[in-house]
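Q: Dropping the structure in here first, questions after.
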Amino acid sequence: MKNIQTFCMGKTADGRAVTGYTLYGTAGMKMTVSDLGGVIWSLLVPDAQGRVSDVVAGYDCVADLEASSGYLGALIGRFGNRIAKGSFTLDGKTYTLYQNDGNNHLHGGKVGYDSRIWNVRCEDGEEPALILSYLSPDGEEGYPGNLSIQVTYRLRADMALEIHYEATTDQKTVLNLTNHSYFNLGGFASGTILDHTLMLDATQYLETDEELIPQRIADVDGTPFDFRAAKTLRRDFWVDDRCPALQLAGGYDHCFCFSDWQHADKTVRYRGYLQDDVSGRRMELYTNQPAVQVYSANFLEDDGNRLKGGLHKSKQSAVCLETQCMPDSMNHEGFTDCILRPGQIYEHTTVFLFSVEP
Ligand code: GLA
């Protein structure tokens, strides 16, 4: 293969072999992914001078990944973010899921898709791609229905990482897939992302309680959650009593609802950008999802575990833009639809398009 290299990454603690795939794109773009969790281990992107840096946080080896938490770079499912009390009802039947985040279910449960070994098919070419698939059996982690999932990671010639998710089920189920990459456009070791600029076409966000469970849909107008005009993450980072919503989460960890989320269709739309003025890197966000969880890595505290290059975890050293439907949406009237029925195809496309400002 010309633009994809395969290599052995070692084994998980329970003896599963892990394979790595390095994709070579245009202008020095390069990405490494594992079949374990579909984890993006590194994503190299040029800056204004053509120098490449790795713009995602991650680990050096499988043992470090397994020793740690935080879902760095991983595919998330069956349901991204929290489900209150790990419980929901579909057609009169109540499903009970594992509570792996206090009283709540987070990112798919005890063994989510981030810890499964995915099947991988390589598609070599000028725009190299990996096609990952996984069959999530009926009852896995308590969810109903055999779910057949396919996720494509493609490095496009226009310097974009395109992620396309597809899934079908044989029983009515709930579904919210996403990728949990932690971006720092200055390079993963460059310090805080609070000086990154963010713009988002989001008119509303979800207010959460102290367990980060959504309570209600609120307008961003006049709050630190208003990113309709570009601003740095630092500008209104009021983690004090000026903004209880930010204080409770220790920073941004909220679902931002795009302006037309009520009328979402499958069209992929431009939704905003993240920019680092020091390196000149900009990352535009395109998606067909109704919302994005913006997470300023407030739980990325130094726990003694190593990240890449021996770096220690530190808060706000990266930001996640997890495109998705609304967390806990099955438990709230008027939230986004998260149900997949037999015969339907779940189709989610998210594009991170990189460019440099001179
Ligand atoms: C998500 C959540 C956060 C946190 C991280 C994982 O993005 O919104 O609250 O749980 O995942 O550490």
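The values are calculated or read from the model by the stated rules, or taken from the named source; none is laboratory data. This structure is a prediction, so every number in the text was calculated from the model and none was measured. Virtual Cβ from ideal backbone geometry, glycine too; neighbours counted across all protein chains shown. Only protein heavy atoms, including side chains, enter the accessible area calculation; ligands, DNA and RNA are left aside. Shrake-Rupley method; radii C 1.70, N 1.55, O 1.52, S 1.80 Å.
Q: Quick one: among P327, P137, P290, which has the greatest mean-square fluctuation in a GNM of the chain with alpha-carbon springs under 10 angstrom?
A: Evaluated over the chain, the most mobile residue of the options is P137.
Q: Which residue fluctuates most in the GNM of the chain (Cα springs below 10 Å): L132, L311, L200?
A: Between L132, L311, L200, it is L311 that shows the largest mean-square fluctuation.
Q: Additional query: Could you tell me which residue out of S69, P290, I117 lies farthest along the dipole of the chain toward its positive end? Charges go on the beta carbon: Lys and Arg +1, Asp and Glu -1, centred on the Cα centre.
A: I117
Q: Please compute P(r) over all alpha-carbon pairs of the chain, binned at 10 Å starting from zero, and give each bin as a whole-number percent.
A: 5, 26, 37, 25, 6, 0
Q: Dipole magnitude of segment 127-187 about its Cα centre, charges +1 at Lys/Arg Cβ and -1 at Asp/Glu Cβ only, in debye to the nearest 20?
A: In debye, rounded to 20, segment 127-187 gives about 140.
Q: Report the dimensions of segment 170-232 along its three principal axes from the alpha-carbon atoms, largest first, rounded to Å.
A: Each principal axis gives a Cα extent; for segment 170-232 these are 45, 32, 25 Å.
Q: Please state the Cα pair-distance histogram of segment 1-147 with 10 angstrom bins from zero: what percent is in each bin?
A: 11, 34, 31, 17, 6, 1
Q: Still on this model: When averaged across all projection directions, what area in nm² does the alpha-carbon convex hull of segment 1-85 cover?
A: Its average projected convex-hull area is 7.6 nm².
Q: Now a separate question. Amide H neighbours of R269 under 5 Å, counting only residues 5+ apart in sequence or on other chains, H built in-plane at 1.01 Å?
A: Amide H neighbours of R269: T287, N288.
Q: How much accessible area does R51 have with a 1.4 Å probe, in Å² rounded to the nearest 10?
A: Here the accessible area works out near 140 Å².
Q: Do me a favour and compute the ellipsoid semi-axes for segment 273-352 from its Cα gyration tensor, root of five times each eigenvalue, largest one first, whole Å.
A: Semi-axis lengths for segment 273-352 are 31, 18, 12 Å.
Q: Within straight cross-link reach of K231, meaning Cα distance under 22 Å, which lysines are found once same-chain residues fewer than 8 apart are removed?
A: Counting by Cα, and skipping residues close in sequence, K231 has these lysines nearby: K315.
Q: Given the pairs K172/K313; K85/K172; K30/K313, which span a C-alpha to C-alpha distance of over 28 angstrom in this model?
A: Check vs 28 Å cut-off fails for K172/K313.
Q: Among all stretches of the chain without exposed GluC sites (Glu not before Pro) (DSSP loop, at most 16 other Cβ atoms within 10 Å), which one is longest?
A: The answer is 1-125.
Q: In Å, the Kirkwood hydrodynamic radius of segment 111-169 over pairs of distinct alpha carbons?
A: Evaluated on segment 111-169, it is 12.6 Å.
Q: Q316's amide H: which non-local residues (gap 5+, or another chain) put their own amide H closer than 5 Å, with H modeled 1.01 Å from N in plane and none for Pro or chain starts?
A: Correct list: N298, L300.
Q: Per residue of segment 331-341, in order, report the coupling 6.51 cos²θ - 1.76 cosθ + 1.60 (Karplus, θ = phi - 60°) as ³J(HN,Hα) in whole Hz, putting x for Gly and Pro.
A: For segment 331-341, the Karplus curve yields 9, 9, 4, x, 7, 5, 7, 10, 9, 10, 10 Hz.
Q: Compute the distance from the alpha-carbon center of segment 306-334 to that of segment 33-56, in whole Å.
A: 18 Å
Q: What translational diffusion coefficient, in µm²/s and rounded to a whole number, does the Stokes-Einstein relation yield for segment 161-289 at 37 °C and a viscosity of 0.692 mPa s, taking the hydrodynamic radius as the Kirkwood radius over Cα pairs?
A: 201 µm²/s
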